[in-house]
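Note sheet for the following structure.
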Amino acid sequence: MNDAQLVAEAPAVPLPHRLELGALATLFWLTLRQHVRGRRLLVLGFLYLLPLGLVLLVRSVESHFQAADAELGILLMLIPHTLVPLTALLYATGMIHDEIEEQTLTYLLVRPLPKWGIYLTKLLATMLLTMVIATLLTTLTYVAVFWSEPNLWGDIVPHRALAVSGITCLALVAYCSLFGCLSFLTRWPLVVGIGYTALFEGLLANIDFAIRRLTINYYFRVLIQEWVGKTVPEWNLHPDDTPTARSCVLILLGGSLVATALAMVIFTTREFRVKTPEGS
């Protein structure tokens, strides 16, 4: 019996799907590199710079610039309600889909790593990048809005901007977990994600009914009211009916854990058809 026959008859030995921290760290770094080099970063950078440019334009033509109005309209409405969910949607739905389209998912699945570890690592890298983007550009916009204020570096940047950035990061964790899970539940995650953002986060969050407690925007607004001290009448938040800040944080993190766990189960149990150069 030759060596080829021995190899053919040898029993298959499964790869040990254990946690290899070094391999996961490499995957984490590679995911960050993929996100940074992609066109999404350029598009989102441009979109985030639009509010900053708008602030600078208004400041240059208005002799009485109202910083409080600009903060409400841009930093507490436009960025968290539009740009933040869009950022999470574009990156979270592309974590696995991009690997399939680029025919690189096979290389990840043959590694001696658990599939749930692969998904969790890519999700954490995505969360980190989106949080850095949102924090940096939110802080820059705060500086532009309150540039002429005497307490810019004494209170606005180290306290107000930091608080809003932290709440935004919490929202991003929830959005990334939700949209990452959504990418396994529908063939059109971008379309469904945009519809969800417009209907639930945009419409239902503004209706004073219990259903708005299912939206991320609701808890974002409660935390803004609790931690930043900014009360917006249009939000219809009544102190007697709103949850505490601690409850908001636990709900957002708890919902993120549930969505992440569901996504990991789906990714672990699902068989993925990967494109080959021959198109098979």
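The values are calculated or read from the model by the stated rules, or taken from the named source; none is laboratory data. Here the structure is a predicted model, which is why all the values come from computation and not from measurement. We place every Cβ from the backbone using ideal geometry, glycine too, and count neighbours over all the protein chains shown. What goes into the accessible areas is simple: the full protein's heavy atoms, side chains included, and nothing from ligands, DNA or RNA. Shrake-Rupley method; radii C 1.70, N 1.55, O 1.52, S 1.80 Å.
Let's see how each residue does on (1) in contact with a helix residue (DSSP H, G or I) (Cβ under 7 Å, 6 or more places away or on another chain); (2) open to solvent by less than 60 Å² (accessible area, probe 1.4 Å); (3) not in a helix (DSSP H, G or I):
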| position | (1), (2), (3) |
| --- | --- |
| Phe46 | no, no, no |
| Leu52 | yes, yes, no |
| Leu57 | no, no, no |
| Ala68 | no, yes, no |
| Leu72 | no, yes, no |
| His81 | yes, yes, no |
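If the condition is being among the charged types (D, E, K, R) and either at pLDDT below 85 or assigned to a loop (DSSP other than H, G, I, E, B) (or both), then segment 14-39 contributes Arg18, Glu20, Arg37, Arg39. Residues in segment 95-136 that are part of a helix (DSSP H, G or I) and touching a Pro at 6+ places or on another chain (Cβ under 8 Å): His97 alone. Among residues of segment 89-116 that are more than 28 Å from Thr197 (Cα to Cα), those with a Cβ under 6 angstrom from a residue that is open to solvent by 10 Å² or more (accessible area, probe 1.4 Å) and of a type in the set (Val, Ile, Thr), sequence gap 6+ or separate chain, pair up as Leu105/Val274; Thr106/Val274; Lys115/Thr268.
Across segment 184-198, what is the total count of residues that are open to solvent by 70 Å² or more (accessible area, probe 1.4 Å), at pLDDT 90 or above and not aromatic (Phe, Trp, Tyr)? So the answer is 4. Given the criteria within 18 Å of the chain's Cα centre (by Cα) and surrounded by 20 or more Cβ atoms within 10 Å (Cβ to Cβ), does Leu124 qualify? No: the conditions fail for Leu124. Return yes or no: is Pro277 open to solvent by 30 Å² or more (accessible area, probe 1.4 Å), modelled with pLDDT under 85, of a type outside the set (Ser, Thr, Tyr) and within 28 Å of Ile156 (Cβ to Cβ)? Considered against the rule, which asks whether it is open to solvent by 30 Å² or more (accessible area, probe 1.4 Å), modelled with pLDDT under 85, of a type outside the set (Ser, Thr, Tyr) and within 28 Å of Ile156 (Cβ to Cβ), Pro277 comes out as no. Do you know which of the residues in segment 205-221 that are part of a helix (DSSP H, G or I) and open to solvent by 30 Å² or more (accessible area, probe 1.4 Å) is farthest from Ile251 (Cα to Cα)? The residue in question is Asn206.
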